[in-house]
Amino acid sequence: MKIILLGYGKMGHEVEKIALQRGHEIIAIIDNEEEFRNSGIQEIKNQGDVVAIEFSTPATAFENIKRCFDLNIPVVCGTTAWYEHFDEVKERCEKEGQTLFYAPNFSIGMNIMFMLNSQLAKITEKYDYKLSLTETHHIHKLDKPSGTAVKLANDIIENNKNYNFWGLDDYTNKGVLPIESIREGEYFGIHEVKAESSCDIISLRHEAFSREGFATGAVIAAEFIQGKKGIFTMNDLLNC
């Protein structure tokens with residue numbers, strides 16, 4: 001593949017390393033508005049087997065996706081906190097035959113936890129377990145709670161009728177799933193779901209040791225969408 005990197009922070013550097021290891025070519029690195037204008041992307045898009053891998057910021061991700069759609073370039077997006085625009089993105093994908101692979105977390109291990117979390121929520125619903133969620137990330141992470149924590153929370157709400165909403169540090173309101181977000185040190189990501197009763201505690205915990213797992217999943221996702229149209233997630237990749 002020929003890969004355009006949109007965002008060249010720590011994740012962008014890790015994606016570059018993994019992509020090169022897997023035999024792909026980085027044809028453009030775009031980290032700001034000026035670089036986008038000067039990238040020659042109009043010519044790049046005609047090279048064939050081109051895909052953009054997007055790890056930028058919540059403020060720029062949606063615009064990056066739209067620009068790629070304008071040029072008919074498939075996008076793999078790992079940035080979160082832009083999902084309020086999802087319906088617009090979905091509509092363009094369907095009407096224009098665009099391609100988007102998005103995920104709040106590209107780690108294979110984390111996606112296994114997503115599956116276990118849904119099962120835990122469903123089973124504990126009728127046994128008076130109180131569920132809660134804690135996520136810890138490095139001090140540089142902008143969104144709070146993390147996109148991964150939001151997915152975990154939404155999956156709990158979908159599978160457990162005792163919860164209708166999630167809330168940051170809200171441990172008192174009935175029907176609200178509490179999320180604690182911690183920003184300290186240089187943690188790559190720790191997510192823990194607890195189900196607590198008067199008798200015991202059940203805990204699901206995932207800790208990322210580096211960015212390598214996220215980057216590897218993103219590159220595999222880019223390989224997966226070659227020749228495909230539509231919107232895809234890690235469920236499509238893991239169940240293929």
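Quick note: the coordinates plus some simple rules give every number you see, no bench work behind them. Since we're looking at a predicted model, the values are computed, not measured. Don't worry about glycine lacking a Cβ; one is built from the backbone with ideal geometry, like all the others, and counts go over all protein chains shown.
Numbers for the structure displayed
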quantity: Relative contact order %, the chain, counting alpha carbon pairs below 8 Å whose residues are six or more apart; calculated: 21 percent
quantity: Whole-angstrom Cα spans of region 108-207 along principal axes, big to small; calculated: 39, 30, 24
quantity: Under-5 Å amide H pairs with Gly230, H placed in peptide plane, nonlocal only; calculated: Gln98, Thr99, Leu100
quantity: DSSP bridge pairs, region 108-207: antiparallel proportion in percent, nearest 5; calculated: 60 percent
quantity: Neighbourhood net charge (13 Å Cβ-Cβ; Lys/Arg +1, Asp/Glu -1) for Gly230; calculated: +1
quantity: Per-residue HN-Hα couplings for region 211-224 [Karplus 6.51, -1.76, 1.60; θ = phi - 60°; Hz; x = Gly/Pro]; calculated: 8, 4, x, 5, 5, 4, x, 5, 5, 4, 4, 4, 5, 5
quantity: Mean separation of Cα contacts under 8 Å, 6 or more apart, over the residue count of region 108-207: relative contact order %; calculated: 35 percent
quantity: Within-12-Å neighbourhood charge of Thr124 [Cβ basis; K, R +1; D, E -1]; calculated: +1
quantity: Share, in percent, of DSSP beta bridges within the chain that are antiparallel, nearest 5; calculated: 35 percent
quantity: Global size of region 84-133 as Cα Rg and Dmax, reported in angstrom; calculated: 16.4, 47
quantity: Karplus-derived 3J(HN,Hα), 6.51/-1.76/1.60, for each residue of region 101-114, Hz, glycine and proline x; calculated: 10, 10, 7, x, 7, 8, 5, 4, x, 5, 6, 5, 5, 4
quantity: Helix-only mean residue ellipticity at 222 nm for the chain, each DSSP H run of n ≥ 4 adding -39500 (n - 2.57), per residue, nearest 500; calculated: -11000 deg cm²/dmol
quantity: Neighbourhood net charge (9 Å Cβ-Cβ; Lys/Arg +1, Asp/Glu -1) for Leu5; calculated: -3
quantity: Straight-distance crosslink candidates among lysines, where the alpha carbon sits under 25 Å from Lys130 and sequence neighbours closer than 8 are dropped; calculated: Lys122, Lys144, Lys151, Lys161, Lys174, Lys194
